[in-house]
Every structure is written in C-alpha cells, then in structure tokens.
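The values are calculated or read from the model by the stated rules, or taken from the named source; none is laboratory data. The shown structure was predicted, so the numbers you read here are calculated from the model rather than taken from an experiment. Glycine gets a Cβ as well: all are built from the backbone with ideal geometry, and neighbour counts include every protein chain shown.
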Amino acid sequence: MDIRPIIQWSQCFLFAVQAHSAPVETDRTVIGEDVPQMSPTALFLYAFLLGIGLQFVQTKIYTNRWAVKITGGPDVADLIAGKYGFVNMGQIGGLVDHYQFQHSGIIKRSTIKSRGKHSLITTETKVKWIQQQMVQKRVKRTDTMDQADTASFNDPKWDSMWYIHCDHNCLTDMNIQAAWRRGYTGKGVVVSILDDGIERQHPDLKQNYDARASYDVNDNDPDPTPRYDATNENKHGTRCAGVVAASANNSLCIVGIAYNAKIGGVRMLDGDMTDMVEAQSLSLKQQYIDIYSSSWGPDDDGRTVDGPGPLARLALENGIRKGRKGRGSIFVWASGNGGQSQDHCSCDGYTNSIYTISVGSTTQSGRKPWYLEECSSTLATTYSSGDSHSLGVVTTDLRQRCTDEHSGTSASAPMAAGIIALTLEANPALTWRDVQHIVVKTSRRGHLSASDWQSNGAGYDVSHLYGFGLMDAEAMVKEAETWKQVTPQYVFTYTMVFTVHGPPKYRVLRSVFKSSGCSSQRLQQVVYLEHVVVRVTITHPHRGDLSITLTSPSGTRSQLLTNRPNDHSSEGFLKWEFMTTHCWGERPAGDWILDIRDSPSPRRNSRLQGKLVEWSLVLYGTSTHPYIRHEQPRSAPLLPEDDTTEEYNGSCDPECSEDGCEGPGPHQCVSCLHFFLKTCLSKCPSGYWGDKKRCKKCYSSCKSCLGSRSDQCTACKSGYHLNEEKNNCVTNCEDGYYLYHGKSDATKTSQLLTYSKEILLKIKCVRECPDGFYGDEDSQECEECHSDCRKCSGPEDSDCDSCGDGFTLDNGACVPEQDVCPAQTYLTGKSNTSERKNVLFRDCLFVALEMLTLLIFEYSLRPMIHGATFLAMLPSMGNQGRHRAQDQSKISRYKKNLTHSQ
C-alpha cells in the first residue's frame, strides 16, 4: 500500500500549523533529506498524525542507527564515524569489527530510508558493510489464559507446581525431582533471559540474579529492570526467569527448576526491535553466559515468514562456534503460539535454525494445546497451559508478586532451559551438539497424544507436535555424567535447479534426489544424520496454498510446510530454509523425495501458477556413529567395565539362537533365532520387513512390505490405498482405477466367489472391480452389486450381468433355475429383443406341431384303433394337455416380457 498520500496529508496540516508558530532558531546542520525547521507543537502534531495514518498500513520503519563492519579497530571506527556525522555507540555485542553508529541529525523513526552526505561512508575502504536498522515486529509467546489458584520446600506455591509433582498430577514425569535427588540444582551454570527485562530486585530472584549476565539493550545501560506501566505489559521476562532459577526454601513464591543457577536478563523487547538489537542480545558475554532463553519471535499470525537478519544469524553462528570457550552457547527457543491462526513454525527462522533448541508444549493431560504450532524443527516438549480446565505455570511476577498464569510456549522454553542447566552442571564440558543429542536420546513419547507419531529409521519416536517427546531431567543428567563428546559434524549441500513450472492445481510436484552422503574425503562423509535442511526458492501468487513434505531414504516423512489460509502473500520463498530433526540418526544414502502440493484458495487468480526455481538439500551429520550404540532398551543400566558378575547359565528365551544368551530375556540373546529389532522377535512388526534376520523399516506409507522402496508395499497405512499393479500406496487412485474397500457380506459367500480375510480387508486401487462389485464412475469406487448378482453394472437387482450357481439371468435379474423354464425349453441369458423373439417363435412352433399331430390322430387313425387301445392312450393325452397348458402359460409370459422390452 502506498503511504505517500498519508505523509503528504500530514505535511500539509503541519505547514498550516507552522504558519501560526514561532520560528525555531538552530545552528545545527541537518544531514539527510531537506526537512523544514519545526516548532515543538508542529513536530508533535506531525508525528501524531503520521502515527495515526501508519496504523492502517504495514510499512518499513527506519531508525537513526546503522550497523557497520569496519576493520582496523575501535579507533578507526571512531574516526570514520566522526567524519560523516555519526557517533560510534560501541561494538555490537560480541561481534568483532561490528559497530553501532547513531546519527543525531536523522529522525529517529521514519518510513523513508535515509540518504544524504552521510551515505558517502560507503566509499571508505575500511567500511566492509553498512545497514540502516529497521524496526522488526517480535511478539512474546504467551497465551491469554485467565486461571485461578488452585513437600519438601517451604515456598508457598510449591504444592501448585503440578508439572514437577507428576506423581499425582500427570501421567508422564519430567523427573525434575529425581535430578535434584542426584545432587543437580544448576549450580555454576549461567542462564540469561532475552526478553522485556527482569525484575532484579524480586525477592525470589534477587539471590540468584547475576549482573554480569544482564544488560538493557533498549536504553543502553547495565540495568535490565522492566519499564513499569498500568497494564504491567513488561512482566514476561520476570515470569520466564522465575521458572528457571527462583530461589528455593526462602518462604517466597516458587522453586525454580535450576534453583541454584545464576540468572540474568537482557531488556531488548521494550523498544525498536532491529537486527542489531537482536545480535547484541544474542552475543552478550558469550564466554560467560551458558544458556540464552528466548520466548519470542516473529508474529504468529499465520501469514508472516521472517527470521534472523544477517547480524543475528552471525551472532548465533559465532555463539555455537566460539561461545563457552569453544563448546558453543546453548540457545533455547519457544516454538510459537500461532496454532489458532493455523501458523506453521517452519516459517519462523529462529525455531527453524539448527543452532537453536526449539521447544513445544503439551498440556497436563498430554494433549495438544490450542496455541501449539506443528513443524518438523521442534526438538522436544515440556509442560504448559492449554486445556480448558488445566492450570497455568506458577512463577515470579512483576512488582515482587507471584502468578499462576504463565502460559504458552513462553513457559515451555525456560522450563527446558532449566533442565539443560541441570545437565550442564552434571557435565560442563558438553558442547552445543552434545546437548541436542542428549535431548533426542532421552526425550520420551509417554502419554503425549498425536496422530502423527512415527518411528524413524534410527528407532526414535518423533512427532510434528512434540519433536522427540517430553524432556526427562533425570535421564539427561545421567547421560551427561558419562557422556563422551560426539564426533565432528560434517555438512554437504546438493542443489537442483529447475526450468519448469511448479505443480498444477491440486497436484503434486515431485523431485527426487539420490544421495550417497559421500565426499571426496572418505573420513568426512555424512553417514549418520543430525539436522536436514531444505533450502527452496519458489515464486507463487498465493504463498499460503503451498504445502511441502520431505521423505528420507528410510521412509521418514517430514511435513516442512502446511497450507496457511491467512498467508495471502505473493512473495513466495526466496532461499528459505526449512529444517527437520525427524531423520536424526538415520543414514542419508538413498532417494530423498521432495513433494510440493499446490491447493488453490478461492481468492486466488486461477490463471496464475507458481514455479519451483531451485531447491537444495543440506545434510548435517557425522562420519562415524556419534556415540556407542547399545542394543539394550534405553532404561537398561550398563554394567561397569570392572563388573565381575558370574556368567549366566540359565535357560534362554525361545527367540534366542543356538549361540546362547547372557540372560533370560529376548533382548539378552547373543543372536536371534528369527528377527531382531531392539530385541529378538518371532516376526517383524507392522511397518517392517525381514532381511537377513533383521527387521527393516518399510516405506513411510506402507503397513507391510517386501522391501524398503515405495514400490514394494503389500498393504498401506490408514489414509493410503494400495495400487496392486505398481505395489505403491497412494492417497487417491489414478485415472482409470477404482477404489476397492474389500467389503464382504457373509450372506453372499454361498453365491459369490469366496475371498480370504486378508484380501477382503485391503483397500486398494483396481482397474476392474472384483465379482460382486461394479465401478461407479461418479465416486470412482467399487460399489456392491445386488446380493443376487455375481457381476453387475449397477446396484439394482435388474442390473445383473451374470449370476451365482443355481441362478439364471432372466431379463437382467437372477432367479432360481427351477422357477424359469420347462425341460423342453432353455434361455440364452441374453437380454436383447431379437433373441427373445427367436425363443418365442421356437416355443410356438413346438406347440403347433404337437397340436397338428393330435388332429391327425383324431381324424385319420382313430377308426383303425381298437377302443381299448384308445382308452389306454387317454392318460397320455391328458398329460399332453397339461403340457399344452404349461406351454400356453409360457407363451403368455413371453408375450408380456416381449411387450415390456419393446
């Protein structure tokens, strides 16, 4: 929308006021556009009117600050800044050679990008990069719930912390108390909350508050105390801080998950949000702060596609490479609250980054909260609000109070940060990748309810709602205690460029890439996957119509994007990165399948289509297994190396081979008699097939199969149909095929061909419907014939084409054979009129000849026959009379049928 009329209208009104105002004297040189000198009254009115007008448009807002990359050190930066009228405000966080310049001669907020003499700074050889900072919209990820209030600590809200007392409040425990009992409380770990500030004088935070981990980026001072107002708008950061590190046993409020950790806060959401503000916050004290917790992001409105700018991306990358003395900063992010707006967190570049741990939410009952977004980048889940009857999360609140109304993924992210703090206390040497591996390895599906749970090729259960499941604090600290650093990460990128258009309406564009995961250096191959990124460039007239899925060689299906009805943008995607964690631990070699579906919405111009310009597959992983794999269940404790227990001499499980066993269970066999999948089995479960005594995963849509390829299915999962000619599972039958549900009727088994139970239960696509069914052209499905028909052309009893045993076709209907014809006649089974006429003629001729024979007998031979002989013939003649009566009845019936057919 063009905002120039709004600006012009405001300026016209301004000049009218200016004519009645006293001139303002100034000796300051104005740099930039020619701006008239304004009185304070005129300036206020101009800003006020412009602000009203801008409420009705979405536009870019430019600030009077620049991010500049200058080589040569701070002194060179100061000289260049002064030369062009800037003031050097200092280095941007921990980004070396990156400085924040401010120009006092430029209006603080403007809809027009600044140009003037200061723009000549780009001619300086020491200036490598410069960017005027724009305001970016970022929202806090809390819902708007309004709940009421409903041991070993004396904190008054301890009993209300239901997410910790899971022994009687929820079915799956995050085992936080169990981690405490092992002696881990977060001591020595530093967490910083990047938000709208934290109340450092709050009595339940004061003891653990760390000034070194805090800063006010909005006002450029060391105090992160929030700005107070009547609505307590800036309570968000204080609430998040309490979840992580509120003090314990101080008779105040609550107990933080890492109640002995140090907690800091960065005030950065209460002002103009720019790329520079984000970068400065994300790179603050990277050698001191261990964990950065962020419960904010781009607008969760279902139409925004946004992520970190170049400076914020650099801050994240520097953090994982250089932070924590090279072990890598831990960035925890709330996955988003746009569920009600049908948003998809893959359109959020922060949660979509491989450098962040994206955390989702589940309710007390293990259900999906109303606000939760689905995406393949979510790594794990913690508890939060979301049920109509569920409680919120109790925590510290603004003005030194407590609350039980913290909610959304805003509560889940600091909960995860607290659990990770316990883990880092157990092993401070963990790298950023170690932490992610431990989260994947220990998170549990538990009672979390989702329809899309799938077991990936490495045996991990994963969901687009909950990632790898609910975080387990005790399991994480136990892993950390003996953890060995994962092997180095390698990355390989494959790019495919297209010259064809995108998918036609209601169709899928499929692109298949065969990966080897190899490089020219044998020891730098990607053999075991971590993150997988798909980078796409798509032009499209209505971005919300697109949905994208990626299927790995192991058959794991990642929904990279779903339709977003509120996204009416025509900008498409420009090198946008979609990330999935669902292939974690799998091997990358094989076919990677990218499916892009276009489902046109009613408001879209049907003549306009999209185009896939290019897509890249980026594989992150290791060349060797990242840690020793034990085939025992995860809960089975490992024996220490110096264990001297006696050799097992008892009986083995029946599924053990003759090689013996190390215990009585099927998981303790030395080798299996039949098949192996985490334990020894008599047969492979649904979704797997047997290959050399190992159960291997079928293709993602197969319920049973003969191999791992998509064309080796023998039965399909719910929502898919088997094409028996191609042996693949499809969501819709192709043209020329009918959908056969395999329905059966016990009453028909004596009349129709009998099918085995296995075949009858299959839902499949067939070219011709089997006996007992006909192909309905409208529904494109096999519908049942009438119970009398073996084959038919429709559902009625008169639509039969052939009949079962003991029945004969009579004018399209199947009737019992004994009720149709006398012994001397027959039916052809054909229904055309000419055949019926022939049958009627033959029947009439037969009767006429019989009557003629009787007449000859009566008048020519009767005198020659003895009376007794004649009397003996009467019964026979009587029978002939009965036959003639039957013939007359038959003729009448055929006349009636003939008349009806004509």
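Of all residues in the range 703-746, exactly one satisfies the criterion of being at pLDDT below 75, in contact with a Gly (Cβ under 9 Å, 6 or more places away or on another chain) and crowded, with 16+ Cβ neighbours inside 10 Å, namely SER744. Can we say ALA258 is modelled with pLDDT of 95 or more and aliphatic (A, V, I, L, M)? In short, yes.
Take the conditions (1) out of contact with any Asp or Glu (no Cβ under 8 Å at 6 or more places or on another chain); (2) farther than 29 Å from PRO565 by Cα; (3) acidic (Asp, Glu); ASP275 misses just one of them, which is (2).
Against the test of being modelled with pLDDT under 95 and assigned by TED's automatic domain parsing to the domain that holds TYR466, the options THR185, THR231, THR225, THR238 yield a single qualifying residue, THR231. So is ALA450 in a helix (DSSP H, G or I) and within 26 Å of SER365 (Cα to Cα) or not? Criteria not met by ALA450.
For CYS684, are the conditions met, namely being under 28 Å from VAL440 (Cβ atoms), modelled with pLDDT of 85 or more, touching a Gly at 6+ places or on another chain (Cβ under 7 Å) and in a loop (DSSP other than H, G, I, E, B)? Taking the combined requirement at face value, the residue satisfies it.
Reported count of residues in the range 749-777, each being within 24 Å of ASN732 (Cβ to Cβ), among the charged types (D, E, K, R) and at pLDDT 75 or above, is 5.
Of all residues in the range 85-125, exactly one satisfies the criterion of being at positive phi and part of a strand (DSSP E or B), namely GLY90. If you filter the range 687-698 down to residues that are modelled with pLDDT of 85 or more and in a loop (DSSP other than H, G, I, E, B), you find that the one that is nearest to THR549 (Cα to Cα) is CYS698.
Please find, within the range 330-353, the residue that is surrounded by the most Cβ atoms within 10 Å (Cβ to Cβ) out of those that are in contact with a Leu (Cβ under 9 Å, 6 or more places away or on another chain) and part of a strand (DSSP E or B). It comes out as ILE330.
For the range 392-406, does any single residue satisfy the condition of being buried (at least 24 other Cβ atoms within 10 Å of the Cβ) and of a type in the set (Asp, Glu)? Scanning the range 392-406 turns up no residue that is buried (at least 24 other Cβ atoms within 10 Å of the Cβ) and of a type in the set (Asp, Glu). The sole residue among LEU594, LEU619 that is at pLDDT 85 or above and closer than 21 Å to VAL439 by Cβ is LEU619. If you go through the range 218-267 and keep only what is touching a strand residue (DSSP E or B) at 6+ places or on another chain (Cβ under 6 Å), part of a loop (DSSP other than H, G, I, E, B) and under 18 Å from TRP296 (Cβ atoms), you end up with ASN218, PRO224, PRO226. Given the criteria hydrophobic (A, V, I, L, M, F, W, C) and modelled with pLDDT under 95, does TRP333 qualify? Spelling it out, it is not the case that TRP333 is hydrophobic (A, V, I, L, M, F, W, C) and modelled with pLDDT under 95.
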